[in-house]
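Step one of this worksheet: look at the structure below.
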Amino acid sequence: MLELVGVRHRYDGRVVLDIERFAVAPGAGVAIVGPNGSGKSTLLRLLALLERPSEGEVRLGGVVVAGGKAARAGAGVRRRITLVEQRPVLLRGTVRENLEFGLQVRGVRRIEVNRRVESTAAQLGISPLLQRRRHELSDGEVQRVAVARALAVEPDSSADRAAAQTLYRALAEERARRPLAVCLASHQLEDAYRWADDVRALAEGRLSPVTPENLFRVELPASGSGGDLKHVCVGPIEIAATTDKTGPAILAVPPTDIFVSREPLASSARNVFVGRVTRLAHQRPGAVHVTADVGVELVAVVTEEAARDLGLTPGGPVVFSFKASAVRVF
């Protein structure tokens, strides 16, 4: 288990990461989504032991390896974790020499070095590139080489930002072969849900869970009717969201932030939609997932007691309300 515990990290006195606990279990696939400047890179650098937290601890298998009173992590610990940067730097020499380097410094025998290089290159589809040098590679090829270099040393954990579609399959295959933990940061929420076991949103250095329901690909207008309040077309309805972003984006409405009623109620919520219940599901004890057609399909979560009190039934009327500030924008 790789963990950040009670971490507050600063640059020039400014807190850029404030996390009570973040854990990557053995064999887990965790995705971190969030906008530029949200702290994703800092989180990954702390996990990869490339930086020490200003406050708090990094733990590996329950042992403090960075922060607190821990000394600098030893080479044996650091070799169990690898980071693949979004814009990776390759060593001088050929692609083959890049893949061999990490194995050689770990004292791996030549016959095993050759086997891992050939196997990993085939897995990532870079076998034809083994004799090429950095200046002969495209940016996409550089990323694949960097991922191959990381996987070849068979680390326990990989903090990976090379979020190209061609890499997801290789990561999935590697995780199926052995308990490799992968933590990947991405702007692409839909891609994150496609491969990750756990998806977390990071905004202004703080974490929150996001769910696969209520995700909408939208085009944000250049300006709103008042400040950062924007009304965004989602199918036949408009959702009010608070954001200064423009252009292509994904809206996420957490089901737990939707208030459910039978009739419209007086409230400050700018999003109020009347519709019909289409499905009720008990996905965990004590909670009911209410799916409704309000022009588009939305899912809310209420307690079993609330569902009974409201008399919610498939085909029955329902009103979903939520604040503009509850809408997350990626």
key: Whichever residue in the range 78-94 is assigned to a strand (DSSP E or B) and closer than 18 Å to SER138 by Cβ and, among such residues, is modelled with the lowest pLDDT   = VAL84
All positions within the range 271-288 that are of a type in the set (Lys, Arg) and either modelled with pLDDT under 95 or farther than 19 Å from ILE237 by Cα (or both) = ARG279, ARG284
query = Taking the range 95-116 as the search range and keeping residues that are assigned to a helix (DSSP H, G or I) and among the charged types (D, E, K, R), which one is nearest to GLY140 (Cα to Cα)?
reply = ARG96
query = Just a yes or no: is a residue in the range 259-267 out of contact with any Phe, Trp or Tyr (no Cβ under 9 Å at 6 or more places or on another chain) and polar (S, T, N, Q)?
reply = no
note = Taking first residues from the range 164-179 that are more than 17 Å from VAL145 (Cβ to Cβ) and second residues anywhere that are modelled with pLDDT of 75 or more and assigned to a helix (DSSP H, G or I), the pairs with Cβ under 7 Å that are 6 or more apart or on different chains are GLU173/GLN123
inquiry  = Just checking, does the range 20-34 include any residue being over 15 Å from the mean Cα position of the chain (by Cα) and of a type in the set (Lys, Arg)?
reply    = yes
task = Report whether or not GLY93 is within 26 Å of LEU43 (Cβ to Cβ), out of contact with any Pro (no Cβ under 7 Å at 6 or more places or on another chain), in contact (Cβ under 8 Å) with a residue 12 or more places away in the chain and loosely packed, with under 13 Cβ neighbours inside 10 Å.
result = no
task = Grab the strands (runs of 3 or more DSSP E) fully contained in the range 1-67, keeping just those with 3 or more residues being touching a Ser or Thr at 6+ places or on another chain (Cβ under 8 Å) and in contact (Cβ under 8 Å) with a residue 40 or more places away in the chain.
result = 2-11, 14-24, 29-33
query = In the range 270-297, which residue that is surrounded by 20 or more Cβ atoms within 10 Å (Cβ to Cβ) and touching a helix residue (DSSP H, G or I) at 6+ places or on another chain (Cβ under 8 Å) is nearest to VAL218 (Cα to Cα)?
reply = ASN271
query = Taking the range 311-330, which residues are surrounded by fewer than 18 Cβ atoms within 10 Å (Cβ to Cβ) and in a helix (DSSP H, G or I)?
reply = SER325
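The values are calculated or read from the model by the stated rules, or taken from the named source; none is laboratory data. In this text the structure is predicted, and so the values were computed from the model without any measurement. All Cβ positions, even for glycine, are placed from backbone atoms using ideal geometry, and neighbour counts span all protein chains on display.
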